[in-house]
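Following this message is one structure expressed as structure tokens.
The values are calculated or read from the model by the stated rules, or taken from the named source; none is laboratory data. Given the structure is predicted, the values throughout are model-derived calculations rather than measurements. Cβ placement follows ideal geometry from the backbone for every residue including glycine, while neighbour counts extend to all protein chains displayed.
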Amino acid sequence: MPSSSPRPSDRAGGDAAGRVVPAPTGDRNAVVVAAGEPRRRRRLGQFGATPYLFLAPALVVYALFLLYPLVRAGQISLYDWDGLTLATFVGLDNYTAVLSEPKLRAAFWHALVLVFFFAVLPLAIGLVLAAVLVRGQVRGLPFFRTVVFLPQVIAMVVVAVAWRQIYAPTGTLNTVLEAVGLDSLTRAWLGDFTWTLPAVGLVGTWVSTGLVTVLLMAGMARVPRDLYEAATLDGAGAIRSFFAISVPSVRAEIVVALTLTIIAALKTFDLVYVTTSGGPGTSTTVPSYEVYRRAFMTGEVGSAAAIAIVLTALIFGINLLVNRIGERER
């Protein structure tokens, strides 16, 4: 005899899309979950103003301490003002001076030179150090990581004072050169027009290398060792594995490292102020130091504000380019 139990078609039917829908019998036990039916996502508007209330404190602080001073600096840059008397509106004359005055152009060029010492050179050294420390499975890795990172936790003013003593005519560097018979290389490192800027830049290299190395070590530590073993079986040596596996695996870390170090290079002030004060002559002047000198020493507040705005735009543009290139290569 045929079974009297209801068939699935009696309990639920199918619609044109093949989904299971409730039967018209009103059976509440029928299964009505549609297979493969996409879940509905709640839009941001459905939460009302709650997300904006959570963001409001941070946005208020950001606006008060960053956006407003930036807008105010842009306003001051349009005036000839000494900080005390009435200001005179000069329009874009201060910006024209930034582009036309040789001393200011030289200051921006010096900042770009420091980018090499603060960012490019530490990146090259950091890649090699990270690869050796991670792939070589060096014992006491946490100790080496701490030692390499140590310059980052020292105040830049302290670093500048220490290196000023090292670079002194009777300092550590010249003493070592004399001890090994290289007397001809000794010089007043912070008083030589040719070598002062590279000497200051090498201090930045010493400081930045630790940060870059730690970032790259974190990225390389996530690379499966199977990739290196497979490359070795294919006949790849250490150098080829480095460029084919290690470097591509830390592209995100490279972008972060370049972003941080480029910003540090372009806004360098304390290192230059303590070591050389922009000298000898103007051989180590940088935009940040020019902002300080004009605003607080020569009473050219409007010109200082214009330099600060141009420097901000330069930092933003270079880092935007670095991040765009990094995202494109992923």
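Search the range 278-330 for residues being hydroxyl-bearing (Ser, Thr, Tyr), under 26 Å from the mean Cα position of the chain (by Cα) and more than 19 Å from residue 81 (Cα to Cα), and hand back the single one that is surrounded by the fewest Cβ atoms within 10 Å (Cβ to Cβ).
Out of the qualifying residues, it is 312.
Sticking with this one: Can you pull out the residues in the range 134-158 that are assigned to a helix (DSSP H, G or I) and in contact with an Asp or Glu (Cβ under 9 Å, 6 or more places away or on another chain)?
Passing the criteria: 156, 157.
In the range 104-114, is there at least one residue being of a type in the set (Phe, Trp, Tyr), over 25 Å from residue 262 (Cβ atoms) and either crowded, with 17+ Cβ neighbours inside 10 Å or touching a helix residue (DSSP H, G or I) at 6+ places or on another chain (Cβ under 9 Å) (or both)?
No, there is no match, as no residue in the range 104-114 is of a type in the set (Phe, Trp, Tyr), over 25 Å from residue 262 (Cβ atoms) and either crowded, with 17+ Cβ neighbours inside 10 Å or touching a helix residue (DSSP H, G or I) at 6+ places or on another chain (Cβ under 9 Å) (or both).
Quick one: residue 130 ticks every box in (1) at pLDDT below 95; (2) within 18 Å of residue 298 (Cβ to Cβ) bar one, so which box is it?
(2)
Would you list the helices (runs of 4 or more DSSP H) that sit entirely within the range 211-330 and hold 2 or more residues that are of a type in the set (Gly, Ala, Ser)?
225-233, 238-241, 251-266, 287-296, 301-328
Within the range 36-53, is there a residue that is at pLDDT 55 or above, of a type in the set (Ser, Thr, Tyr) and within 30 Å of residue 92 (Cα to Cα)?
The answer is no; no qualifying residue exists.
Moving on. From 215, 202, 177, 227, which residue is under 29 Å from residue 155 (Cβ atoms), surrounded by 13 or more Cβ atoms within 10 Å (Cβ to Cβ) and in contact with a Ser or Thr (Cβ under 9 Å, 6 or more places away or on another chain)?
Only one candidate qualifies: 177.
Kindly indicate which of 285, 298 is more than 14 Å from residue 73 (Cα to Cα) and touching a Lys or Arg at 6+ places or on another chain (Cβ under 8 Å).
Of the residues listed, the single one that is more than 14 Å from residue 73 (Cα to Cα) and touching a Lys or Arg at 6+ places or on another chain (Cβ under 8 Å) is 285.
Moving on. With the range 46-100 as the region, which helices (runs of 4 or more DSSP H) entirely inside it contain at least 1 residues that are acidic (Asp, Glu) and surrounded by 10 or more Cβ atoms within 10 Å (Cβ to Cβ)?
Those helices (runs of 4 or more DSSP H) span 93-100.
Could you list all residues from the range 255-286 that are at positive phi and modelled with pLDDT of 95 or more?
Result: no residue meets the conditions.
For the range 218-276, which positions are of a type in the set (A, V, I, L, M) and in contact with a Phe, Trp or Tyr (Cβ under 6 Å, 6 or more places away or on another chain)?
264, 265, 272
In the range 147-193, which residues are touching a residue at least 24 places away in the same chain (Cβ under 8 Å) and closer than 15 Å to residue 276 by Cα?
The answer is 156, 157, 159, 160, 161, 163, 164, 167, 190, 191, 192, 193.
What are the pairs with Cβ atoms under 9 angstrom where one residue, in the range 308-330, is farther than 16 Å from residue 290 by Cα and the other, located anywhere, is aromatic (Phe, Trp, Tyr) and surrounded by 18 or more Cβ atoms within 10 Å (Cβ to Cβ)? Sequence gap at least six, or different chains.
Note: no pairs meet the criteria.
Between a first residue in the range 279-301 that is within 13 Å of residue 200 (Cβ to Cβ) and a second residue that is of a type in the set (Val, Ile, Thr) and part of a helix (DSSP H, G or I), which pairs have beta carbons less than 6 Å apart while being 6 or more apart in sequence or on different chains?
Between residues of the range 279-301 that are within 13 Å of residue 200 (Cβ to Cβ) and residues that are of a type in the set (Val, Ile, Thr) and part of a helix (DSSP H, G or I), the close pairs are 283/196; 284/196; 284/200; 284/272; 286/272; 289/272.
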